[in-house]
Each structure stands twice: as structure tokens, then as C-alpha cells.
Amino acid sequence: MSFRDDGHAAVDWVARYLDRVADLPVLARVAPGDLSARLPESAPEQGEPFANVLRDLDELIVPALTNWQHPRFFAYFAVTASEPGILAELIAAAMNPVALHWRASPASTELELRTVDWVRRLLGLPDGWHGHIEDTASTSTLAALIAARHVTGRNVVVCSEHAHSSVEKAARMLDLELRKVEADGDQRMHADVPLDDAAAVVATVGTTSFASVDPVRELAERTHAAGAWLHVDAAYAGSAWICEEERWSQDGVELADSLVVNAHKWLLVPADCSLLWTARPDEFRQAFSLVPEYLRTPEDVYALSEYGPALGRRFRSLKLWAVLRCYGAEGLRAIQREHMRLARFFAELVDIHPDWELVVPPRFSLVVFRRNGSDEENERILERANRSGEIFLSHTKLNGRYVMRLAIGNARTTEPDVQRAWEVLNE
């Protein structure tokens, strides 16, 4: 078959998958090694038709998938790869530019700058911030800590006990000392901590476990007074700033030295697409800029690779551009507002039931709760619910207690999906 025929077949497969994903088990019903046992040990010597690949998607890959596109995927932070983003990913792969610098890919360099600035405006962030795209928030946070160490010459990172694990991992990779600060009763980082020797303070807006919001303004004032760098991790909740009513959580963010928001979490962009801004672009660039002779060009314009760890850069901005254009700001706001309404709906079901309790107030589109009883009972309930294939939730711990998390973030999720999750948990 021709490329066009195979392409039509592939798009048809994608459309059928999205149409039927709600009927598939959310959590893969396989044991470790099941897929490996069905795959050949060596690559084929002779080429095969692409139709064989599509066939094996159905027979091998989908049965071993945990379906993140499922409307009842409520684990971690649920995501959506929207149709415009999927198609743009295909087109980006066809073009396949590697944006080493401006000359190597003028289109992807300039589109990235413009689309990330579109998002900056939508979120209400300050003028003058430099933004670019990394793969994930883990890389964005790593880059921010590299810049902080370069600027301050210090080696201490301070964060909340509820900060994302990527902060600890970045500190380990950079051989930095990590100091975790206890949180208050609202799971917010205490601001009254010594910062005199800190290179960076990481404040979180929307922690992974509880979607709590650290006191960014107070932390910013103390951080800058100590000569340290303030990085704000808003990977999940920062997207909600497109809604005016959610900008309460943005208080003090304008004082940050760097900020990360993942467009692939709550802005319908397929992974990976992590937006990283800095208010100190010159110093940020100094930390990363290294231009060998073979990358020098007559244009002498900067390369986005001078603002982060990677030299080669994918055309990630194309899918962000497509999603922003096809949904528009109002379309994205409507989806997020519906997700937050559904979270409140689920929280009310929990709150009025005598056998269940809300562990923390619902925040953004996350509900954290548990059934009255032992940790072991709660763990068994969650595991049985997940193994049913109807829903997938994750868990965390608060003050040593096992608690469940239901995070709503899929554009296809409806109220009946949330209602069904409640029924499965009770069954």
C-alpha cells in the first residue's frame, strides 16, 4: 500500500480508538512480562506492511495499555490528547525539524516563542518573561535549579514536604542539599524558615497529593531578601489561571524567577509539552549557553537550546498552536470549569455519605477522600475498584493515613462517568 493508504488507515485506527476507548478497561489487565512474552526477541530481517503494525496494535498493544484517554481515568493528574493536538503531532513528525538554533528551524523557533507568549497572556503572567518549551516539568524544574545554582553559587534547595518528587530528583542529580519544610494544616509550606544559604526555593501551586497552594508571595519576599532564586511549580494548577476566578492561587507568582506550567496536563495538548518561563532571561541563558563553532551562523540570533539542557528540540509548539487555535480560550475555559464542577459534584457525594470523608477540601479538579475504616480496607477498596477496569484512581498518604485521589482532567469525562466512579467504589 502507499503512504497515503497507510496514513488513512492510521487515522481511521486513531478515530476508532478514541470512539471506543470508553468501552475498554481503564487499567491494563496484564501481568508484568505478558507483553514481552508475546513480542519477538529480535527485529525482523525483512520489512513488513504497515497493516501488520496496525493489526498488532489491536492484538498486542491495546490489551497492555492503561488508557489515559479513558473518560474514567481519574489517577495522578488526568490528561487529554485532543484531536487537534494529535493531528499536529503527526504533522510535526512529518516535518521533523531539529531546532538546534534559529537557522536550523526558523518556524519552530519563532512559533514556540509566540505560542508560549500566547499562553503567558492567557494566564495573566507579567510582560517581559521569556518562555520556552521543555518536555516535562521534571526537566523544567531541573533547568530552573541549574540556573539558580549558576546565579547564586549556592547548593541548597528548599521546598515543601509535599513538593513534587522531581525537586528531590533534580537536587540529587545536581548534588544539591535538599531541605524539606513541614506543611501547615492546609498542606501549605511554612514560609518562616531560614533561607540565608539557599540557592533556590521551590513553591508549589497545586501539589500532586492535595492540590494545595504554597504562600508564594510570602515565600518570594523572604527568598529574594536572602538572595535566592524562587521557582514556582504550577505544572498542574497553573493552567487554571485562564479562568479569572482561579487566579486567587496566582498571588505572588509575578515575583517568581521561574515558573513551570504543563500544557500537556490541563490544556489538552498531547504529552510532552512543559512551558517554562523566567523573569531573568539573561542570567538563565548564561547558565546554559554553549555555542560551538559548527553551530555559529551569520544571523547571530539566539537559539532556544541556550535556555535549557537539550540541544536538539522537537517541534512541540505546533501542537500547542493547533490546540489554542481550534479550542480558543473560551473553549478551554469551559472544559476546565466543567472539570471543577464535576470535582465538586463528587466531593458532595463523599461529604454527605456517613461512611466516607473528605480528607482535604476539593481544590481545582482534585478530590482527596477515604472510607471510614483502616488503611488496609481503603487500599483493598481502591485496588478492587481499579481491577474492575471501570475506573482508575491513585492514592497518597496524609499524616500517615492512606487516602484516595480522584483527579478530573479528561475532556471526555461526563457527570455519569463521575457518578459511576462513586458507584464502583461503594460496590
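With charges only on Cβ, +1 for K and R and -1 for D and E, what is the dipole size of segment 266-349 about its Cα centre, in debye, rounded to 20?
400
With Cβ to Cβ distances under 13 Å as the rule, what net charge do the other residues near THR115 carry (K, R +1; D, E -1)?
Combined, the nearby Lys, Arg, Asp and Glu give +3.
Run the quick spin-label model on ASP175 and ARG344: label points 7 Å from Cα toward the beta carbon, then report their separation in nm to one decimal.
My value for the distance between the label points is 5.2 nm.
From the residues TYR327, GLY373, VAL424, which one has its Cα farthest along the dipole of segment 287-427 in the positive direction, the dipole being from +1 and -1 charges on Cβ of Lys/Arg and Asp/Glu about the Cα centre?
TYR327
For segment 241-255 and segment 352-427, what is the centre-to-centre distance using only Cα atoms, to the nearest Å?
Going from one Cα centre to the other spans 28 Å.
Would you mind telling me the share, in percent, of accessible area of the chain contributed by carbon and sulfur at probe 1.4 angstrom?
Of the solvent-accessible surface of the chain, carbon and sulfur hold 51 percent.
If R₀ is 41 angstrom, what is the calculated FRET efficiency for the pair TYR302 and GLU161, using the beta carbon separation as r and rounding to 0.05?
After rounding to 0.05, the efficiency reads 0.60.
Would you please give the residues with an amide H less than 5 Å from that of GLY206, counting only those at least 5 places away or on a separate chain, with H modeled from the backbone geometry?
SER212, VAL213, ASP214
With Cβ to Cβ distances under 14 Å as the rule, what net charge do the other residues near ASP272 carry (K, R +1; D, E -1)?
Every neighbour counted, the sum reads +1.
What FRET efficiency comes out for the pair ILE61/ASP186, r = Cβ-Cβ distance, R0 = 45 Å, nearest 0.05?
0.60
What FRET efficiency comes out for TYR76 versus ARG247 if R0 is 35 angstrom and r is the Cβ-Cβ distance? Round to the nearest 0.05.
0.90
Relative contact order of the chain, please, whole-number percent, based on alpha carbon pairs below 8 angstrom and at least 6 residues apart.
22
Cα centroid distance between segment 37-112 and segment 271-327, in Å?
Each part reduced to its Cα centre gives a spacing of 22 Å.
Under 28 Å Cα to Cα from LYS319, which lysines show up? Leave out anything in the same chain fewer than 8 places away.
Cα-Cα hits under 28 Å: LYS265.
Let me know the charge dipole size of the chain about its Cα centre in debye, to the nearest 20, where only the beta-carbon of Lys, Arg (+1) and Asp, Glu (-1) is charged.
So the dipole magnitude of the chain works out to roughly 260 debye.
Expected output is a single nm value to one decimal: the length gained when fully extending between ASP6 and LEU295, i.e. 0.36 nm times separation in residues minus the C-alpha distance. What is it?
100.3 nm
Could you report segment 236-317's accessible area per residue, 1.4 Å probe, as an integer in Å²?
39
In terms of Cα to Cα distance under 24 Å, which lysines are near enough to LYS180, apart from those fewer than 8 places away along the same chain?
Partners found: LYS169, LYS397.
What does the C-alpha gyration tensor say about the overall shape of segment 1-94? Classify as rounded when a/c is under 1.5, otherwise prolate if a/b is larger than b/c, or oblate.
Here segment 1-94 falls in the oblate category.
Using a 1.4 angstrom probe and counting only protein chains, how large is the accessible area of ASP175 in Å², to 10?
130
Using only helices, what value at 222 nm comes out for the chain when you add -39,500 (n - 2.57) per DSSP H run of length 4 or more and divide by the total residues, to the nearest 500 deg cm²/dmol?
Estimated from H runs of four or more residues: -12500 deg cm²/dmol.
The values are calculated or read from the model by the stated rules, or taken from the named source; none is laboratory data. Not measured: the values here are computed from a predicted model. Reconstructed Cβ throughout: ideal geometry from the backbone, glycine too, with neighbour counts over all protein chains shown. SASA here: full protein model, heavy atoms, side chains in, ligands and nucleic acids out. Shrake-Rupley method; radii C 1.70, N 1.55, O 1.52, S 1.80 Å.
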